[in-house]
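See below for the structure under consideration.
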Amino acid sequence: MGVLTRLSHSLPALLLCLAAGSIAGVYAPALGDVGYVVAQIYLSIVSMAAIPLLVVATFFGLRQTMGLPFPGRRILMIAGVALLLVVLCAAAGLATGWVSAPGARLDSDSRAHLGALVMQAGGDTEMQLRGEDSADAIGAGKEHIWAGLLPDNFFRVLVEGRSLGILSCALLFGLGFAALSRAQNNTLNHLFEGVYRTLELIIARANVLLPLVAFGMAANILSQTDFTTIRAMSGFLLHFVVLALLLSAAAIAVVYKRGNQPLAEVLQHLKAPMLVSLLSSSTTASIPHTIEAMSARLGFSRGIVELVVPTASVFLRAGSALYYVLLALFVANLYDRALSAADIGMICAGATLAAFASAGNNSLTNVGYAGIVLSLLQLPIEAALALFLAIDLICEGPRNLLTLLATCVLIAIVSAGLPSERMTAPEAGAPSTPKPLRFVLTRAHVALLAGGSALAALLIVLMGIGVGARQAQPHPTGLPRTVASDAGPVSGVLR
């Protein structure tokens, strides 16, 4: 366990696991299957603990946020800045894609291969392409958002695992919980605190399996991926990965400026959540590490952190917005669709809507929400399903990383004016607290203690037997023996 813990916090070790998994996926797919099983076990453990952690962390975050100055203003600020960050990521992808035009300069072989994939998906998939009106598509997306955002039965969404509806119910319950007085919610507070720390511990222990997850996921991707498709989609992959990393670097710079700490320390504290986001396909797996890094290490308000981190893991889909914009531009260039200024605006608005509509869904389902953007441009939705499902696992890590760092930027901006809560180590020369004494027992010491205890017990038993036998002996007069004190014989009359 100690080796896995060290490997899970080491970037070179995880990169080595990724490389080894890639080689195994090409030359030994059976090893990849075993690693993929381990990865699925990891995701199951994380998902099991993630949903109740979302609920409990939201309770504590709301309660602490309501105790901060101007709580209503800060909550509105959280929502506004989150929307702005998603739009900015979509706009950055739109500007870059408009200039570089991914998918516009494909060779004839790559174009023919991608066309064959789309035609194959069109023959196997039954759906409307151009008959659906754009307004209907937008209306369907909004209807899905409202149906998932305000469920009519909390227990149903809890059983179905719909994190968007669960989080909405948790926010409503958390507002009521925060409105109670300390005396009223004291018992419930202690209960939630124990549950909260337990769930954090479960996810933190599960993240120890990250080296095996990295090996298994890399092996699984390489064993099932068609390299011809990867080469044909290399333009999109290059644009998305590079732009996601550049935006992530910009987000780290914002956190560095707002946190007033050296850049090396910021990177060191954010290393664990970034590695978890890159290597796991769950946006909630990094919640414990992110809360620890942003509050205890970087000093931002813990109330804001505990409210924003679980909420943003569901709602703030900055990486998905960038993904949908580049996807729409790639498909438009693939079909030689000329884009006007109105089309550019629709792509940005549609990608933002699709990003929020995909809240709470997994990777494969996220690709389907690209249909909201493609339908606005009257482009075939089969192109998204056929082409991007094959590479979505590759895009998942950078997408989750950008979402995580956008969450950190949101925390850094909203926490303005609040005191730092950083936990620092005691300075040199400061009086240190006395350390408790530690007694270390070896096996020889334990054996010696056990032998001495057994000998003492045996002596006590023998002494008890001897005293009992002496008391049982009869007196020469036939009367029982009386015990005299040192002062003289015991006076009294025997009857």
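The values are calculated or read from the model by the stated rules, or taken from the named source; none is laboratory data. None of these values were measured; they are calculated from a predicted model. A quick note on method: Cβ atoms are made from the backbone with ideal geometry, for glycine too, and the neighbour counts reach across all protein chains shown.
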If you go through the range 239-258 one residue at a time, do you hit one that is part of a helix (DSSP H, G or I), modelled with pLDDT under 90, of a type in the set (Val, Ile, Thr) and surrounded by fewer than 21 Cβ atoms within 10 Å (Cβ to Cβ)? no
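Residues checked against (1) touching a His at 6+ places or on another chain (Cβ under 8 Å); (2) within 23 Å of Ala386 (Cβ to Cβ); (3) surrounded by fewer than 24 Cβ atoms within 10 Å (Cβ to Cβ):
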{"position": "Ser286", "(1), (2), (3)": "no, no, no"}
{"position": "His289", "(1), (2), (3)": "no, no, no"}
{"position": "Val308", "(1), (2), (3)": "no, no, no"}
{"position": "Tyr323", "(1), (2), (3)": "no, yes, no"}
{"position": "Leu339", "(1), (2), (3)": "no, yes, yes"}
{"position": "Ala354", "(1), (2), (3)": "no, yes, no"}
Which condition number in (1) surrounded by fewer than 17 Cβ atoms within 10 Å (Cβ to Cβ); (2) aliphatic (A, V, I, L, M); (3) at pLDDT 80 or above is the one that Ala219 fails? (1)
Selection from the range 333-358 of residues that are over 34 Å from the mean Cα position of the chain (by Cα) and at negative phi: Asn333, Leu334, Tyr335, Arg337, Ala338, Leu339, Ser340, Ala341, Ala342, Asp343
Give me the residue from the range 85-143 that is among the polar types (S, T, N, Q) and more than 17 Å from Val373 (Cβ to Cβ) and, out of that set, modelled with the highest pLDDT. Ser100
Take the residues in the range 280-312 that are within 25 Å of Gly72 (Cα to Cα) and of a type in the set (Val, Ile, Thr), then tell me which one is nearest to the chain's Cα centre (by Cα). Ile287
The range 84-105 residues that are on the phi > 0 side of the Ramachandran plot and crowded, with 21+ Cβ neighbours inside 10 Å, paired with ones that are at pLDDT 85 or above and of a type outside the set (Gly, Ala, Ser) (beta carbon under 6 Å, 6 or more apart): Gly103/Phe330; Gly103/Asn333; Gly103/Leu334
For Thr365, the lone unmet condition from (1) of a type in the set (Val, Ile, Thr); (2) modelled with pLDDT of 85 or more; (3) surrounded by fewer than 24 Cβ atoms within 10 Å (Cβ to Cβ); (4) touching a Ser or Thr at 6+ places or on another chain (Cβ under 8 Å) is (2)
Of the numbered conditions (1) without any contact (Cβ under 8 Å) to a residue 40 or more places away in the chain; (2) assigned to a loop (DSSP other than H, G, I, E, B); (3) more than 22 Å from Arg105 (Cβ to Cβ), Thr365 fails exactly one; give the number of that condition. (2)
Does Ala39 satisfy the condition of being of a type outside the set (Ser, Thr, Tyr), within 10 Å of Asn220 (Cβ to Cβ) and touching a residue at least 12 places away in the same chain (Cβ under 8 Å)? yes
I want to confirm something. Restricting to the range 259-280 and keeping residues that are among the polar types (S, T, N, Q) and assigned to a helix (DSSP H, G or I), which single residue is surrounded by the fewest Cβ atoms within 10 Å (Cβ to Cβ)? Gln268
Is at least one residue of the range 401-422 in contact with a helix residue (DSSP H, G or I) (Cβ under 6 Å, 6 or more places away or on another chain), assigned to a helix (DSSP H, G or I) and at pLDDT below 85? no
Among the residues of the range 20-62, write down those that are at pLDDT 80 or above, closer than 16 Å to Val195 by Cα and in contact with a Gly (Cβ under 7 Å, 6 or more places away or on another chain). Gly61
Which of (1) in a helix (DSSP H, G or I); (2) under 30 Å from Cys169 (Cα atoms); (3) among the hydrophobic types (A, V, I, L, M, F, W, C) is the odd one out, the single condition Ala285 does not satisfy? (1)
Give me a count of the residues in the range 305-339 that are over 24 Å from His289 (Cβ atoms) and not in a helix (DSSP H, G or I). 5
Give me a count of the residues in the range 294-303 that are at pLDDT below 90 and under 17 Å from Phe60 (Cα atoms). 5
How do the helices (runs of 4 or more DSSP H) wholly within the range 1-92 filter down when requiring 3 or more residues that are within 18 Å of the chain's Cα centre (by Cα): which remain? 29-66
So, Ala214, is that one in a helix (DSSP H, G or I), of a type in the set (Gly, Ala, Ser) and surrounded by fewer than 23 Cβ atoms within 10 Å (Cβ to Cβ) or not? no
